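For reference, the structure discussed in these notes is given below.
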Amino acid sequence: MNGVIFATVMWLFSRMVIAIAMLVIAPLLPAPPGGIQPTVSWDVFLAWDSYFYQAIALSGYEYANDGQGHNVAFFPLFPLLVRAVMIGELPFNVAGTIVNNLAFWGALIVLYAWVQESHGQKVARWTTAVLAWCPFSLFGTVIYTEGLFLLLSTAALRSFDRKHYGWSALWGGLASATRLPGIALSPAFWLVAWREKRSAIAYLPSLATAGGLGLYSLYCGIRFGDMLAFLRVQQAWHPEQAFYGQGWLKMLVQISAGTANWNQGWLHDPWHPLIFVTICAASYLLWRSHLKRLCVDKGYGFYLLGILLWLLAGDPLINMIMVWGGGYLLVQQRTKLRPVTVIYGLCSLAVILSPGRTISAERHAYGIVSIAIALGLLLARYPRWGWATLLFFTLVLLSFAVRFSQHLWVA
């Protein structure tokens with residue numbers, strides 16, 4: 001099975017799972033508290049940030065430095081492409097869904113090709129499967145920018161790795177015109193060019209990648225008289241913290257002590273921390289044990305304990321693992337990965353962590369293709385863990401798809 005076919009199969013079947021969850025399962029469920037009962041329509045793909053992209057595509061940008069959320073926070077390439085597709089008289093929800101899904105399909109194809117060149121077919125298959133089935137791949141189907149950003153950033157990285165600097169500059173510039181984290185490509189290209197002592201032209205993509213962001217900043221300056229308007233409005237979604245990293249501390253407490261105890265400010269529910277300590281103790285004993293009769297396979301024992309911990313801690317655990325676990329995995333696999341993969345991944349995580357806030361951090365971490373490659377490399381060595389991981393991914397993906405269609409927060 002060649003790469004295009006494999007990537008297409010992964011894309012098609014994972015998107016079918018999302019479609020079944022959103023268009024078949026969710027409409028049969030009653031409206032949850034704070035949510036809606038979705039209808040069988042294209043509207044299930046439209047929620048949260050999607051409305052900002054809709055406003056941009058239909059009416060353009062608006063901004064006022066009043067501390068409120070304005071659509072200038074959202075970069076222009078995705079709504080421009082959706083607007084172009086809408087010329088054929090398609091409604092926004094249809095055009096936006098088509099653009100993101102086709103881009104995500106392209107991202108899987110480009111990723112497979114790049115990883116196969118660098119690490120072989122087995123790793124390429126696992127990496128493609130990881131990116132396609134990860135629960136946050138939901139945002140490669142709904143009207144968000146994940147699909148487009150993954151396509152452009154992966155194409156830029158692959159082109160730079162192959163020393164095709166013109167293409168790398170083009171894809172990198174488009175990536176930074178899609179989302180602010182695209183700027184992480186710029187220092188990554190510069191550092192790799194310097195580390196590997198490449199020719200002077202290798203520094204071109206580093207400069208060109210900043211072009212997308214620069215042009216949008218120039219537009220904001222001309223249109224609104226504020227070149228940093230897209231940064232200033234972020235405050236509406238990221239309120240001031242008492243100290244740097246307060247959100248991460250909250251998440252850690254939610255995992256270990258429980259959300260109810262965090263909200264109450266004291267040990268209101270003693271069961272959560274007790275169960276957490278029990279799971280941690282069991283994990284330690286399993287790790288130290290050499291008595292294999294305790295578990296047919298230690299890996300499955302850890303998998304079971306991980307599932308129990310997820311059932312206990314929920315989304316905060318997934319969010320913490322996506323960011324901090326992804327960073328650990330990059331460092332742990334650094335000698336086996338291409339330098340541009342590692343450096344881009346670490347630069348991207350630095351961009352995510354720099355504000356010290358946690359909102360949507362897990363979704364932005366999913367957009368770092370380096371983490372998927374590192375996990376694919378690991379699962380290619382331990383395929384039994386890989387199949388268990390994909391099964392878990394599928395179950396959570398179903399849950400996320402239902403929640404999104406009900407207009408409940410996912411990431």
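The values are calculated or read from the model by the stated rules, or taken from the named source; none is laboratory data. What you see is a predicted model, and the numbers here were worked out from it, not measured in a lab. Positions of Cβ are backbone-derived with ideal geometry, glycine not excepted, and every protein chain shown enters the neighbour counts. Accessible surface is based on the protein model in full, side chains and every heavy atom, while ligands, DNA and RNA are left aside. Shrake-Rupley method; radii C 1.70, N 1.55, O 1.52, S 1.80 Å.
For region 295-311, check the following and say yes or no: at least one residue is at pLDDT below 85 and β-branched (Val, Ile, Thr).
So far as region 295-311 goes, yes, one or more of its residues are at pLDDT below 85 and β-branched (Val, Ile, Thr).
Please verify whether residue 147 is open to solvent by less than 10 Å² (accessible area, probe 1.4 Å), touching a helix residue (DSSP H, G or I) at 6+ places or on another chain (Cβ under 6 Å) and over 28 Å from residue 206 (Cα atoms), treating the condition exactly as stated. Lay out the reasoning, then the answer.
On the way: open to solvent by less than 10 Å² (accessible area, probe 1.4 Å): yes; touching a helix residue (DSSP H, G or I) at 6+ places or on another chain (Cβ under 6 Å): yes; over 28 Å from residue 206 (Cα atoms): no.
No, not satisfied.
So if I check each of 226, 269, which one is of a type outside the set (A, V, I, L, M), at negative phi and touching a Cys at 6+ places or on another chain (Cβ under 7 Å)?
Matching residue, one of 226, 269: 226.
Taking region 185-196 as the region of interest, how many residues are touching a residue at least 40 places away in the same chain (Cβ under 8 Å) and either surrounded by 14 or more Cβ atoms within 10 Å (Cβ to Cβ) or among the hydroxyl-bearing types (Ser, Thr, Tyr) (or both)?
Taking region 185-196 first, the residues touching a residue at least 40 places away in the same chain (Cβ under 8 Å) are 185, 187-189, 191-192, 195-196.
After this cut, where a residue has to be either surrounded by 14 or more Cβ atoms within 10 Å (Cβ to Cβ) or among the hydroxyl-bearing types (Ser, Thr, Tyr) (or both) as well, the list is 185, 187-189, 191-192.
Result for region 185-196: 6.
May I ask you to verify whether residue 341 is of a type outside the set (Phe, Trp, Tyr), surrounded by 20 or more Cβ atoms within 10 Å (Cβ to Cβ), assigned to a loop (DSSP other than H, G, I, E, B) and in contact (Cβ under 8 Å) with a residue 12 or more places away in the chain? First the steps, then the outcome.
Values: of a type outside the set (Phe, Trp, Tyr): yes; surrounded by 20 or more Cβ atoms within 10 Å (Cβ to Cβ): yes; assigned to a loop (DSSP other than H, G, I, E, B): no; in contact (Cβ under 8 Å) with a residue 12 or more places away in the chain: yes.
In short, no.
Evaluate the following for residue 276: is it in contact (Cβ under 8 Å) with a residue 12 or more places away in the chain, out of contact with any strand residue (DSSP E or B) (no Cβ under 9 Å at 6 or more places or on another chain) and farther than 30 Å from residue 317 by Cβ?
Details: in contact (Cβ under 8 Å) with a residue 12 or more places away in the chain: yes; out of contact with any strand residue (DSSP E or B) (no Cβ under 9 Å at 6 or more places or on another chain): yes; farther than 30 Å from residue 317 by Cβ: no.
Taking the combined requirement at face value, the residue does not satisfy it.
Inside region 359-387, can you point out the residues that are farther than 27 Å from residue 304 by Cα and open to solvent by 20 Å² or more (accessible area, probe 1.4 Å)?
359, 364 - these are the residues of region 359-387 that are farther than 27 Å from residue 304 by Cα and open to solvent by 20 Å² or more (accessible area, probe 1.4 Å).
Only residues that are part of a helix (DSSP H, G or I), farther than 12 Å from residue 131 by Cβ and small (Gly, Ala, Ser): list them for region 359-395, please.
361, 365, 380, 386, 388
Collect the residues in region 61-90 that are without any contact (Cβ under 8 Å) to a residue 40 or more places away in the chain, part of a helix (DSSP H, G or I), more than 16 Å from residue 149 (Cα to Cα) and hydrophobic (A, V, I, L, M, F, W, C), keeping them in residue-number order.
Passing the criteria: 84, 85, 86.
If you check residue 321 against the conditions, is it part of a helix (DSSP H, G or I) and open to solvent by 50 Å² or more (accessible area, probe 1.4 Å)?
Numbers: part of a helix (DSSP H, G or I): yes; open to solvent by 50 Å² or more (accessible area, probe 1.4 Å): yes.
So residue 321 fits the description; yes.
Of the conditions (1) open to solvent by 10 Å² or more (accessible area, probe 1.4 Å); (2) under 18 Å from residue 369 (Cβ atoms), residue 56 fails just one. Which one is it?
Tallying (1) open to solvent by 10 Å² or more (accessible area, probe 1.4 Å); (2) under 18 Å from residue 369 (Cβ atoms), residue 56 fails exactly one: (2).
Which pairs have Cβ atoms under 9 Å, sit 6 or more apart or on different chains, and link a residue in region 202-220 that is farther than 25 Å from residue 62 by Cβ to one that is not in a helix (DSSP H, G or I)?
Note: pairs meeting the criteria are 202/163; 202/196.
Identify all residues within region 24-46 that are open to solvent by 50 Å² or more (accessible area, probe 1.4 Å) and part of a helix (DSSP H, G or I); write none if there are none.
First, pick out the residues of region 24-46 that are open to solvent by 50 Å² or more (accessible area, probe 1.4 Å): 24-25, 28-31, 33-34, 36-37, 39-40, 42-43.
Within region 24-46, 24, 25, 28, 42, 43 meet the criteria.
So which pairs qualify, if the first residue must be in region 19-40 and at positive phi, the second must be aliphatic (A, V, I, L, M) and in a loop (DSSP other than H, G, I, E, B), the Cβ gap must be under 9 Å, and the two must be at least 6 apart or on different chains?
Correct list of pairs: 34/408.
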